[in-house]
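Worksheet for the structure shown next.
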Amino acid sequence: MSALHKESYRHLGDAVELWLNYNCDKGVEQRNLLFDFYEPWVRKMTNSLFKRYYCAQLEWGDYYSQCSLGTLQAIEKYNLTIEIPFEGFAYKYLKGKLLDAIKSPSVSTCAVGSDSLHRERIDSGLESNDGSDLFESVVDAIVGMAFGQLIELGMLPDSACLQPKGNYNYLFESDSTTHLQVLSIVDNLPSEQRMVIKYHYFQQFKFSEIAEILGLTKARVSQIHKQALKDIRISFEKLY
């Protein structure tokens with residue numbers, strides 16, 4: 001890019017190349033790279049809005065989810081030529097998404113909520129399309145939940161008591177090395193699986209929200225989620 005051209009987009013800062021790439025094809029992968037770039041800012045805004053508009057029915061993760069959705073919406077609406085930094089443009093979308101959630105007649109239905117996420121993960125793990133028996137499906141669901149928590153939190157709680165039959169002790173240890181190994185495996189998943197895992201665990205999106213973002217059905221997202229956790233488990237077990 002010429003110096004003159006770069007000067008025209010100086011309001012984009014270090015994200016100028018990402019924005020120009022996204023502006024060429026409006027693809028999901030390029031949009032995700034932009035979100036990753038602004039994610040630290042999204043967390044900062046989430047903290048600020050959580051303090052300013054506290055709602056007892058919502059957890060911090062619910063605020064983060066709404067702010068993330070607002071950011072994705074802003075990325076799609078942003079015009080590079082308006083010469084306004086993206087953060088200034090996007091703030092109204094974050095705030096708007098959050099206030100809409102807070103003002104909803106039934107806050108619990110519009111917020112992500114940990115119970116809703118956990119329910120989706122269990123249902124996904126119990127889906128059985130390969131003829132496996134119920135016991136094996138339950139084991140898969142429990143192990144899948146364990147890996148999910150490793151991805152989301154970096155460790156499992158010491159009080160975890162539902163330990164499946166088999167050599168899965170490593171899942172129940174608070175080990176930062178284990179966490180990093182799992183995250184590395186996630187980064188090497190096929191694109192579709194990687195996006196579902198990152199949207200669901202890193203950004204706390206429900207399957208229905210991921211389906212809307214990726215243009216898939218909720219059932220398909222659930223299947224991708226289940227296969228991704230299975231592939232993570234297989235890859236991880238090869239390390240032991």
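The values are calculated or read from the model by the stated rules, or taken from the named source; none is laboratory data. Everything quoted here is computed from the prediction, not taken from an experiment. Because the Cβ atoms are built from the backbone with ideal geometry, glycine has one as well, and the counts that use them run over all protein chains shown.
Observations on the model:
- Qualifying residue in region 227-234 (condition: touching a helix residue (DSSP H, G or I) at 6+ places or on another chain (Cβ under 9 Å), at pLDDT below 85 and either exposed (fewer than 14 other Cβ atoms within 10 Å of the Cβ) or in the same structural domain as N32 (by TED's automatic domain parsing) (or both)): no
- Filtered residue count, region 204-240, keeping only those that are more than 27 Å from E59 (Cβ to Cβ), among the charged types (D, E, K, R) and touching an Asp or Glu at 6+ places or on another chain (Cβ under 9 Å): 2
- Single residue of Y54, Y63 found to be surrounded by 14 or more Cβ atoms within 10 Å (Cβ to Cβ) and either modelled with pLDDT under 90 or assigned to a helix (DSSP H, G or I) (or both): Y63
- Residue pairs meeting the criteria (Cβ under 9 Å; at least 6 apart or on separate chains; first of a type in the set (S, T, N, Q), in region 12-25; second assigned to a helix (DSSP H, G or I)): N21/Q30; N21/L33; N21/L34; N23/Q30; N23/L80
- Taking first residues from region 51-65 that are of a type in the set (S, T, N, Q) and partners that are loosely packed, with under 14 Cβ neighbours inside 10 Å and part of a helix (DSSP H, G or I), the Cβ contacts under 7 Å between residues at least 6 apart in sequence or on separate chains come to Q57/S108.
- One residue from E83, E29 being outside the structural domain of F207 (by TED's automatic domain parsing) and either of a type in the set (F, W, Y) or over 20 Å from G215 (Cα atoms) (or both): E83
- Annotation for region 21-42: no member residue is at pLDDT below 90, more than 24 Å from E192 (Cβ to Cβ), in a helix (DSSP H, G or I) and among the aliphatic types (A, V, I, L, M).
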